[in-house]
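Pasting a structure below so you can have a look.
Readers should treat all values here as calculations from the given coordinates under stated rules, not as data from a laboratory. Being a predicted model, the structure only gives us computed values, none of them experimental. Quick reminder, even Gly has a Cβ in these numbers, built from the backbone with ideal geometry, and neighbours come from all protein chains shown.
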Amino acid sequence: MRQKNILWIVAAATVALLGGLWWRQQNSAALAALPPEVAQAMAMVQAKGCAACHSHDGAAGIGPSWRGSWGKVREFTGGGSAVFDAAYLRESISAPAAQLVQGFPNLMLPVGLSEDELQQLELLLRYLAEPNSGVAAADG
Ligand code: HEC
């Protein structure tokens, strides 16, 4: 069991590293086309490592994609659910293991984001919930 966890962590770290390198190369031009505050938020989640596990384009990753997630109902492993809103966002970042999104492993570590960073993240998630927000093209 412990060995399996270590494998997951190694896999996640590799994905994070390669994803980060790839993203940096591919997206500098595409980012310029986004509203500046969205581009800033994307750079922030990239710098924090979130983008390695959470895609912006709906593609399945280690964690749930952020595309179209704002306002949706999340079902949890073992029962219960919540609407993806500002309160849920804060809870799932400060205590990710407390409620696991159904179908996903317990792999996210708690992160400390400043109030400003939380607001940037909320803005990004709201943007990614708009149809045709152009992020699919920007983020592959
Ligand atoms: C190692 C991979 C990994 C990294 C890095 C990571 N997460 Fe997660 N995250 C997950 C997984 C897996 C889940 C689903 C399980 C759970 O609910 O904890 C998740 C769940 C979430 C959720 C609830 C999502 C939902 O769709 O309902 C939020 C919000 C979130 N992460 C934000 C972040 C933020 C912000 C960062 C960066 C500061 C981050 N994550 C970094 C793996 C990761």
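Given the rule -39500 (n - 2.57) for each run of at least 4 DSSP H residues, summed and divided by the residues of the chain, what is its mean residue ellipticity at 222 nm, to the nearest 500 deg cm²/dmol?
Taken over the chain, the calculation gives -16000 deg cm²/dmol.
Over region 2-138, what is the relative contact order in whole percent, taking alpha-carbon pairs under 8 Å and six or more residues apart?
In percent, rounded to a whole number, it is 25.
Continuing with this model, one more query. List, in order, the whole-Hz ³J(HN,Hα) value for each residue of region 106-114 obtained from phi through the Karplus relation with A = 6.51, B = -1.76, C = 1.60 and θ = phi - 60°; use x for Gly and Pro.
Calculated HN-Hα couplings, in order: 7, 10, 8, 8, x, 10, x, 10, 6 Hz.
Could I ask something else about it? How are the alpha carbon pair distances in the chain distributed across 10 Å bins from zero to the largest one, expressed in percent?
Once binned at 10 Å, the Cα pair distances of the chain give 11, 43, 36, 10, 1.
Hey, another quick one. Under 5 Å between amide H atoms, partner at least 5 residues away or on a different chain: which partners does ARG74 have, H built in plane at 1.01 Å?
HN-HN under 5 Å from ARG74: ALA82, VAL83, PHE84.
If we sort 91-103, 108-120, 58-70, 3-15 on the protection proxy, mean other Cβ atoms within 10 Å, highest first, what's the order?
Final packing ranking: 58-70, 91-103, 108-120, 3-15.
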